[in-house]
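Asks: Have a look at this one.
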Amino acid sequence: MTARSISRFWEWGRKIICVGRNYADHAKELKNAIPTEPVLFLKPPSAYVREGSSILVPLYSSNLHHEVELGVVIGKGGTAIPQSTAMEHVAGYALCLDMTARDVQDECKSKGLPWTRAKAFNTSCPISEFIPKERIPDPGNVKLWLKVNDQLRQNGCTSQMIFSIPYLISYISEFITLEEGDLILTGTPKGVSAVQQHDELQAGIEDIVTMSFRVDRQQQ
Ligand SMILES: O=C([O-])CC(=O)C(=O)O
Ligand SMILES: [Mg+2]
């Protein structure tokens, strides 16, 4: 048996912790207030989908949105991690999509209910290959982009994040112990939009990584 490697963190079954409304321009486009504290939600590891498999539109949604995000892969666990040493806990990164059933999320929001059905369904977390930490020396200043059928929809920079990566690691670990193999999705910049069956999504982090996914409908 080969040793377990962080470069296949998605096989470890660890937590996926997502930050919402971390870019003012995206909070505004959905008419949400700019948060004064991070907005957090979770996806289960069953949400992962890798290139070569399709993103599935859940049967109960007719408005599935893409959200391109920088993912932070935890290499060293910890509780109540100070901001000053937070980056020592990072093993690397992954480009991620936070696929969101926006119609379901809107309904949950109006009823004051959790977003689980809108955010945590199977294939709601497409990811790239693992990107070792050294390949992104300044994760607080990299450009993220996403195209749907070759049309640019999202084009943002992690410098626009409201809460920085060290701040998020420290904030989250105050009340959720971080473990090796956990993934933190750091929020999406503006430009989210609906995808349809047969669409081709392509996303990238500068010239560091690109990934492509096809959209299909979940079968009855
Ligand atoms: O659904 C939302 O708008 C919140 C979110 O995930 C994000 O801002 O990345
Ligand atoms: Mg998101």
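Asks: Just need the relative contact order of the chain here, percent rounded to a whole number, with Cα pairs under 8 Å and 6+ apart. Show your work: numbers first, answer last.
Replies: Numbers: 534 pairs, mean separation 70.9, N = 220.
That works out to 32 percent.
Asks: What residues of region 161-192 lie in the reach of a label at Arg4, counting those whose backbone N is under 12 Å from a point 7 Å from the Cα along Cα→Cβ?
Replies: So the set is 179-182.
Asks: Additional query: For an R0 of 22 angstrom, estimate the FRET efficiency from the Cβ-Cβ distance between Gln202 and Arg135 and round to the nearest 0.05. Present the calculation step by step, with values, prior to reporting the outcome.
Replies: On the way: r = 20 Å, r/R0 = 0.89.
Efficiency, from the Cβ-Cβ distance: 0.65.
Asks: Can you spot the lysines whose alpha carbon is less than 18 Å from Lys147's alpha carbon? Ignore those fewer than 8 places along the same chain.
Replies: Lys190
Asks: Follow-up question, since we're still on this one. For the peptides 28-35, 67-74, 170-177, what is the packing order when you average, over each peptide's residues, the other Cβ atoms within 10 Å and list the highest mean first?
Replies: In decreasing order of mean packing, 28-35, 67-74, 170-177 become 67-74, 170-177, 28-35.
Asks: Quick check: from the Cα gyration tensor, does region 146-220 come out rounded (a/c under 1.5), prolate or oblate?
Replies: prolate
Asks: Count the lysine pairs in region 1-113 that are 8 or more places apart or on different chains: how many have C-alpha atoms under 16 angstrom apart?
Replies: 4
Asks: While we're here: Which of rounded, prolate, oblate describes region 92-220, given a ≥ b ≥ c as roots of the alpha-carbon gyration tensor eigenvalues and a/c under 1.5 marking rounded, otherwise prolate only if a/b is larger than b/c?
Replies: oblate
Asks: Let me ask another. Please provide three numbers in whole Å: the alpha-carbon extents of the chain along the principal axes, with the largest listed first.
Replies: Largest to smallest, the principal-axis extents are 44, 43, 30 Å.
Asks: In terms of modelled amide H atoms, which long-range or inter-chain residues lie less than 5 Å from the amide H of Ala91?
Replies: Residues meeting the amide H criterion: Val73, Ile74, Gly75, Lys76.
Asks: Report the charge-dipole magnitude of region 16-149 in Debye, nearest 20, computed about the Cα centre from +1 at each Lys and Arg Cβ and -1 at each Asp and Glu Cβ.
Replies: Taking the Cα centre of region 16-149 as origin, the dipole is about 200 debye.
Asks: For region 178-219, take N as its residue count and report Rg(C-alpha) divided by 2.2 N^0.38 Å.
Replies: The value comes to 1.53.
Taken together, the values in this text are just the output of simple stated rules run on the coordinates, not laboratory data. Here the structure is a predicted model, which means the values were calculated and not measured. Every residue, glycine among them, receives a Cβ derived from its backbone with ideal geometry; neighbour counts consider all protein chains shown.
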